[in-house]
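**Q** The structure under discussion is supplied below as structure tokens; questions concerning it will follow.
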Amino acid sequence: MRLVPLPYPPLHVEVTTPRLRLRGATDELLEELVPVVRDGIVGDDESPFDDPISHYEQPPTRQWRWLRAVWAARSRVEPAFWRLPLVVDVEGSIVGMQDLIAEDFPTFGAVTTFSWLEPRARGRGIGREMRSAILHLAFAGFGAREATSEAFLDNDASNAISRSLGYEENGVTWATRRGQPFQLRRWTLSRSRWEATQRTDITLSGVDECRRVFGLSDPLDQLRRSFAAVDALISGIGPHQWSAPTPCDEWDVRRVVEHLVGMNRVFAAILAGEAPPQRGDELPGEALTPAFRESAATLLDAFARPGVLGRSYTSPLGTATGRDRLLIRLYDLLAHGWDLARATGQVAHLPEDAAADSLSFVRNQLSDDARPGRFAAARTAPGTAPAIEQLVAFLGRELSAQV
């Protein structure tokens, strides 16, 4: 009898590399690992894990405690804490586990990882490959700002993997293993260092649904609602307002809307693997509204295709994941929506949650060195200001300036 898959998104997350797959830890897959855990993944003279952990127990307590720990991890799912256990599938054989763990992820955007491999799978580069896979899930799938790892000083394999993947040493701490104190080396990998060596041969599936279970925002829904809000602003532009100045220096209302249409088309082309379109002839005001709607719908459809958000795309704009492309498009859209509202005297009903997430993203992405020619120096907004005002101030808009 064929089992019906459980309709629970964390069990359907998959990360695929040329060498392996990380798969949601269903009971069926865990059952394949029970003999491995029973036989032991560490010898009596090995102590790679800190206490408490089931792998130092004797059978059958070892496999019972291990199963209970995985089930407990699957059951606690909330923004304040979540742990995503995944099994490691190498050519159809389940050979270990790789977990992704976060505390208060919406605030800190930081994750840590934990993994183990059965003895027969070691020494083949699988450990490094599964860490690369889980980092891709963390940064490309969940939008993490930072990943950390810890390993005992004598765990040469784990420390070597962290070093080879661009982590930086971040001090030491203490923990016990088999009841004895020993030092752990701490490692930190920033998003910018991950992006510097970001791979384009790793794909994700099932991530968007999992994000919702974890109480995380849905960037595609935010983009959809932001497009609707900006569409309303464009529809409200009066016949004599197309040449009005905007807070975006040297751009009038028409130029801002043309930019929005053009960027929608450019991003859609990138996702389709096509050359970015050239800027066409100037459109009359009455043609810009339908052009914006058509280009927005096309881009939303492109971002909604399976696998797009987790895939990496290279273009004249650089290399970035589909999710990062979406977030770049989102903060640009929101900022120019605010420009249009200020220029035309309309009330901007821009999604506050989208603005808050965009502000967090752009603060992490936009360095001072990248501002010249793109953005003015960051302005100061009151701490109590709405997220959209804090966003545009960070992007160089003067909140009190008259247009």
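**Q** How many angstrom lie between the Cα centre of segment 193-209 and the Cα centre of segment 28-94?
**A** 25 Å
**Q** In segment 87-147, which chymotrypsin sites (Phe, Trp or Tyr not before Pro) are in a loop and have at most 15 other Cβ atoms within 10 Å, using DSSP for the loop call?
**A** Hits after loop and neighbour filter: nothing returned.
**Q** Separate question: Rank the residues Tyr331, Tyr313 as a footprinting-exposure proxy: fewest other Cβ atoms within 10 Å of their Cβ go first. Numbers along the way, then the final one.
**A** Values: Tyr331 24, Tyr313 19.
Fewest to most other Cβ atoms nearby, the residues stand as Tyr313, Tyr331.
**Q** Now for a separate question. List the trypsin sites (Lys or Arg not before Pro) within segment 89-162 that fall in a DSSP loop (any state other than H, G, I, E or B) and whose Cβ has at most 15 other Cβ atoms within 10 Å.
**A** Loop-located and lightly packed - Arg122, Arg124.
**Q** Return the Rg/Rh ratio of segment 217-394 with Cα-based radii and a Kirkwood Rh.
**A** Over the Cα atoms of segment 217-394, Rg/Rh equals 0.94.
**Q** Could you point to the residue in Ala385, His55, Pro18 farthest towards the positive end of the chain's charge dipole, with +1 and -1 charges on the Cβ of Lys/Arg and Asp/Glu respectively?
**A** His55
**Q** Work out which GluC sites (Glu not before Pro) in the chain are exposed loop sites (DSSP not H, G, I, E or B, at most 14 other Cβ within 10 Å) and give the longest gap free of them.
**A** 92-249
**Q** Taking amide hydrogens as modeled 1.01 Å from N in the peptide plane, which residues meet the under 5 Å criterion relative to Trp251, leaving out close sequence neighbours?
**A** Thr246
**Q** Relative contact order of the chain: what whole-number percent is it, with Cα pairs under 8 angstrom and at least 6 residues apart? Don't jump to the answer; show the numbers that get you there.
**A** On the way: 635 pairs, mean separation 55.8, N = 403.
Reported as a whole number, the value is 14 percent.
**Q** Here's something else I'd like to know. Sort out for me the Cα centre separation of segment 322-396 from segment 250-300, rounded to whole Å.
**A** 19 Å
**Q** For the chain, evaluate the Debye formula with one uniform point scatterer on each Cα (no solvent term) and list log10 I(q)/I(0) at q = 0.07, 0.13, 0.14 Å⁻¹, rounded to two decimals.
**A** The calculated log intensity ratios at q = 0.07, 0.13, 0.14 Å⁻¹ are -0.40, -1.08, -1.20.
**Q** Kindly provide the helix-only [θ] at 222 nm of the chain, computed as the sum of -39,500 (n - 2.57) over DSSP H runs of four or more divided by all residues, to the nearest 500 deg cm²/dmol?
**A** Estimated from H runs of four or more residues: -13000 deg cm²/dmol.
**Q** Could you give me D for segment 9-209, from Stokes-Einstein at 37 °C and 0.692 mPa s, where the hydrodynamic radius is the Kirkwood radius over C-alpha pairs? Units µm² s⁻¹, please.
**A** The Stokes-Einstein estimate is 190 µm²/s.
**Q** I need two numbers for segment 1-71: Rg to one decimal and Dmax as a whole number, Cα atoms only, in Å.
**A** Expressed in Å, the Cα Rg and Dmax of segment 1-71 come to 14.6, 44.
**Q** Given H placed 1.01 Å from N in the peptide plane, which residues other than close sequence neighbours of Phe152 have an amide H under 5 Å from its amide H?
**A** Answer set, sorted by chain and number: Arg185.
**Q** I've got another one for you. Work out the length of the dipole vector of the chain about its Cα centre, built from +1 on the beta-carbon of each Lys and Arg and -1 on the beta-carbon of each Asp and Glu, and round it to the nearest 20 debye.
**A** 320 debye
**Q** Let me ask something additional. Where in segment 143-197 are there chymotrypsin sites (Phe, Trp or Tyr not before Pro) that are in a DSSP coil and have at most 11 other Cβ atoms within 10 angstrom of their Cβ? Don't skip to the end; give the middle numbers.
**A** Working: sites: Phe152, Tyr167, Trp174, Phe182, Trp187, Trp194; in loops: Tyr167.
Sparse-neighbourhood loop chymotrypsin sites (Phe, Trp or Tyr not before Pro): none present.
We did not get these values from a lab; they are worked out from the coordinates using the rules stated. Computed from a prediction, not measured in an experiment: that's the story for all the values here. All Cβ positions, even for glycine, are placed from backbone atoms using ideal geometry, and neighbour counts span all protein chains on display.
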